[in-house]
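Enquirer: What follows is a single structure, and I will ask about it in a moment.
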Amino acid sequence: MAEEHLSIGVTMEQPAPGDDRFDPLPYFLYAFTILVFAIPIFMLFPPIPVERSDALRQTHTKLGIHGPRKSNLAAQFHPSAHKARPGTPGRIQSLHVYPVKSCRGVELARSRVVPTGLEFDRMYTFAQRRSNADDGDAWEFATQRQLPRLANVKVDLWLPDHTKTSRQLGKLSDAFIVVRFPWEDAGVVQQLAAKISRGLRGVPEKEFMIPVEFPSKQEVENRGYTFANVRIWKETTKALNMGKEIPPQLATYLGVKGDLALFRMDPTNQREVFRCAPKSDEVGYQPVVDFHDAYPLHLLSLSSVQDLSSKIQKDEIMTKLDARRFRANIIISGTDAYDEESWRLLRFHDASDKDKQSVFDVSCRTVRCKMPNVDPDTGIRHRTEPDNSLRKYRNVDEGSPTLGCLGMQMCPVFPDAEKSLRYESFVEVGMQIDVLKRGAHLYIEQ
């Protein structure tokens with residue numbers, strides 16, 4: 001019996017008091033059960049809202065250079081990298097388009113040049129209803145001058161990619177613009193989704209989508225769009241009001257108290273450019289613009305920006321002058337400061353292929369308002385700079401005796417248009433600069 005009791009004691013050994021060995025199996029089974037039930041729920045009701053970019057990625061490619069580290073302006077503050085060097089021509093440093101006026105731009109490595117400037121530039125503008133309008137249906141274009149938070153409204157260009165096919169969508173041939181802005185009254189779910197999809201610093205964004213191409217007559221009727229007059233400075237033009245696409249949260253975010261609209265320029269009703277622009281009998285066509293301030297293109301020199309930066313009053317808010325504040329299309333490097341103000345005819349060309357070139361009439365200086373005071377990263381307006389320094393040090397054009405100037409306005413020239421019957425050319429980062437003609441400039445007020 002003693003042996004039997006001994007045997008039973010060995011086979012039926014109980015955990016000793018204080019034995020805290022952990023058995024993970026019950027917890028694993030519990031978690032697995034929850035996961036099995038949760039997967040179908042997440043598939044039907046995803047915790048992260050599906051964004052338009054998720055769908056567009058299946059059939060489209062997002063145009064542009066993305067991320068500050070990849071930007072061709074990443075080294076814009078280098079003290080010597082952008083100065084002129086004997087025997088070395090200047091070059092294109094970076095290219096930018098602004099599909100929606102006064103919103104964030106899209107940086108490019110290469111761009112098609114059309115009569116209105118760089119392709120996709122300033123096709124849309126936001127506008128506010130004019131309270132003193134006689135006809136009751138007139139609008140005035142809105143920019144960062146009145147609404148500095150427009151600097152935080154992001155714009156993505158999605159072009160159809162013919163190498164992609166979606167099983168659900170097939171092939172799509174339309175190009176789209178996705179507009180995104182901070183969603184201030186977002187709920188807990190949106191806050192969590194932003195952190196999951198964009199990292200700990202991610203903030204919820206509201207978005208809407210608009211077409212790149214001008215809507216057809218049928219689309220205008222189906223969507224309930226209307227034509228209305230829009231005032232741009234002293235000009236008034238009729239454009240398509242697509243304000244129905246704007247989420248109401250945008251007006252709240254921008255601080256708009258009245259009505260906010262979104263206008264698309266009618267390509268059959270573009271604004272003709274005269275004043276300092278070349279005449280049609282000189283270049284073969286009359287320069288035109290969409291919602292540009294005055295001329296098709298704006299050129300800016302990094303050497304000139306750095307010189308002005310050395311003169312501005314720095315403080316804890318304004319520590320350096322970012323070239324993006326001036327919203328240029330073509331930013332150049334490797335030239336003397338302000339040398340561009342003596343240029344009248346300009347050519348960009350590929351050093352390895354002389355046939356790859358584009359020509360521009362340098363029409364006049366760019367007269368600056370206070371808009372560059374707005375920080376392009378935050379949408380916060382500086383109280384004085386760089387406007388004070390522009391007025392003090394860059395009051396250089398007799399045609400605008402009270403305002404400062406920085407950068408040049410240009411119009412495309414198409415020397416081979418008669419042969420090819422096409423008014424287009426291309427510009428690319430790295431192209432070299434040839435100054436074909438120099439002369440004086442005198443700004444003609446708009």
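Enquirer: Which residues, counting only those in the stretch 257-269, are surrounded by 18 or more Cβ atoms within 10 Å (Cβ to Cβ) and under 14 Å from GLN128 (Cβ atoms)?
Expert: LEU260, ALA261, LEU262, PHE263, listed by residue number.
Enquirer: Taking the conditions exactly as written (basic (Lys, Arg), modelled with pLDDT of 95 or more and outside any strand (DSSP E or B)), does LYS195 satisfy them or not?
Expert: No: the conditions fail for LYS195.
Enquirer: Mind checking which residues of the stretch 100-130 are small (Gly, Ala, Ser) and open to solvent by less than 10 Å² (accessible area, probe 1.4 Å)?
Expert: Residues satisfying the conditions are SER102, SER111, GLY117, ALA127.
Enquirer: Return only the number of the condition from (1) buried (at least 16 other Cβ atoms within 10 Å of the Cβ); (2) without any contact (Cβ under 8 Å) to a residue 12 or more places away in the chain that ARG383 does not satisfy.
Expert: (1)
Enquirer: Here is a further query. List the number of the failed condition for LEU403; all other conditions in (1) part of a loop (DSSP other than H, G, I, E, B); (2) touching a residue at least 60 places away in the same chain (Cβ under 8 Å); (3) of a type outside the set (Asp, Glu); (4) within 17 Å of ARG327 (Cβ to Cβ) hold.
Expert: Every condition holds for LEU403 apart from (2).
Enquirer: Search the stretch 378-392 for residues being not hydroxyl-bearing (Ser, Thr, Tyr) and not in a loop (DSSP other than H, G, I, E, B), and hand back the single one that is farthest from the chain's Cα centre (by Cα).
Expert: LYS392
Enquirer: Out of THR237, THR252, report the one residue that is assigned to a strand (DSSP E or B) and surrounded by fewer than 20 Cβ atoms within 10 Å (Cβ to Cβ).
Expert: The unique qualifying residue is THR237.
Enquirer: Is it true that some residue in the stretch 331-339 is touching a residue at least 40 places away in the same chain (Cβ under 8 Å) and of a type in the set (Asp, Glu)?
Expert: yes
Enquirer: Kindly list the number of the only condition in (1) modelled with pLDDT of 95 or more; (2) open to solvent by 10 Å² or more (accessible area, probe 1.4 Å) that fails for ALA294.
Expert: Status for ALA294: all satisfied but (1).
Enquirer: Can you tell me which condition VAL283 does not meet? The list is (1) under 30 Å from PRO89 (Cβ atoms); (2) free of Cβ contacts under 8 Å to residues at least 12 places away in the same chain; (3) of a type in the set (A, V, I, L, M), and all the others hold.
Expert: Of (1) under 30 Å from PRO89 (Cβ atoms); (2) free of Cβ contacts under 8 Å to residues at least 12 places away in the same chain; (3) of a type in the set (A, V, I, L, M), only one is false for VAL283: (2).
Enquirer: Among the residues in the stretch 357-376, are any modelled with pLDDT of 95 or more, among the charged types (D, E, K, R) and under 17 Å from GLN432 (Cα atoms)?
Expert: yes
Enquirer: Quick one: which of ALA323, ALA277 is under 26 Å from ILE177 (Cα atoms) and in contact (Cβ under 8 Å) with a residue 60 or more places away in the chain?
Expert: ALA323
Enquirer: May I pose another question? In the stretch 297-309, which residue that is among the hydroxyl-bearing types (Ser, Thr, Tyr) and surrounded by 22 or more Cβ atoms within 10 Å (Cβ to Cβ) is nearest to the chain's Cα centre (by Cα)?
Expert: Going through the qualifying residues, I end up with SER301.
Enquirer: Working only within the stretch 351-377, note down all residues that are open to solvent by 40 Å² or more (accessible area, probe 1.4 Å), in a strand (DSSP E or B) and out of contact with any Lys or Arg (no Cβ under 6 Å at 6 or more places or on another chain).
Expert: Listed by number, the residues that qualify are ASP353, LYS354, ASP355, LYS356.
The values are calculated or read from the model by the stated rules, or taken from the named source; none is laboratory data. Bear in mind the structure is a predicted one, so any value in this text is a computation, not a measurement. Backbone-built Cβ (ideal geometry, glycine too); neighbour counts: all protein chains shown. We work out accessible area using only protein heavy atoms, side chains counted, and drop any ligands, DNA or RNA first. Shrake-Rupley method; radii C 1.70, N 1.55, O 1.52, S 1.80 Å.
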